[in-house]
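S.K.: Input: one structure, supplied below.
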């Protein structure tokens, strides 16, 4: 952002490589998770309008490929705002990733909510808690605990899917590697470059998987 350690400001359009991949995946997970929780609660809601809107959003977005959402965000987002209001390309891609990931997280959490015994809901009501207190203090912690493995799978898939931003011209890790190979000094090492990129993806995906496994052990989750 500039100013830190006497470093100069760098525009978003000049960001690229592994840091950009990490930014897209990290902020995508952080922002999509609460949105997914809200959609899951909305789909389970007894209020018809909220339930209908949540179902429509989830089903429509799950039926659209991420590539299409990236094109829509890149081309159509600016059309919904006044002239002179500018959305940079990176922010548009980030919004598309968040919109895409949230329904999958919502359906996973909804499965956890349905796995909670009815006695837990009845016990929460008997304590005199309101709806939000019941959800956030009693029901959701148990539901999320049950669905940690599928959530980890979604996070891994999201991290890998960030490579699709190359189609709208964002220089993530994959496109940066491809751009490097266009330099004559890199001629003949294409296999080594892509193997190295694959190893980077494997390292981060394996790290996410290992962290999920350690979390299951800490929470004493046994699915056998």
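The values are calculated or read from the model by the stated rules, or taken from the named source; none is laboratory data. All values derive from a computational prediction rather than experimental measurement. Counting neighbours? That spans all protein chains shown, and the Cβs are built from the backbone with ideal geometry, glycine included.
S.K.: I'd like the full set of residues that are outside any helix (DSSP H, G or I) and out of contact with any helix residue (DSSP H, G or I) (no Cβ under 9 Å at 6 or more places or on another chain), limited to region 8-44.
M.R.: 8, 9, 10, 11
S.K.: Then there's this: Considering each residue of region 45-94, count those that are in a helix (DSSP H, G or I) and surrounded by 10 or more Cβ atoms within 10 Å (Cβ to Cβ), and give that number.
M.R.: Here the count works out to 31.
S.K.: Return only the number of the condition from (1) in contact (Cβ under 8 Å) with a residue 12 or more places away in the chain; (2) on the phi > 0 side of the Ramachandran plot that residue 25 does not satisfy.
M.R.: Residue 25 satisfies every listed condition except (2).
S.K.: Show the residue pairs that are 6+ apart or on different chains and have beta-carbon atoms under 9 Å apart, the first residue being within region 39-57 and at positive phi and at pLDDT 95 or above, the second being assigned to a helix (DSSP H, G or I) and surrounded by fewer than 13 Cβ atoms within 10 Å (Cβ to Cβ).
M.R.: So the pair list comes out empty.
S.K.: Of the conditions (1) assigned to a helix (DSSP H, G or I); (2) surrounded by 12 or more Cβ atoms within 10 Å (Cβ to Cβ); (3) at pLDDT below 90, residue 5 clears all except one; give me its number.
M.R.: (2)
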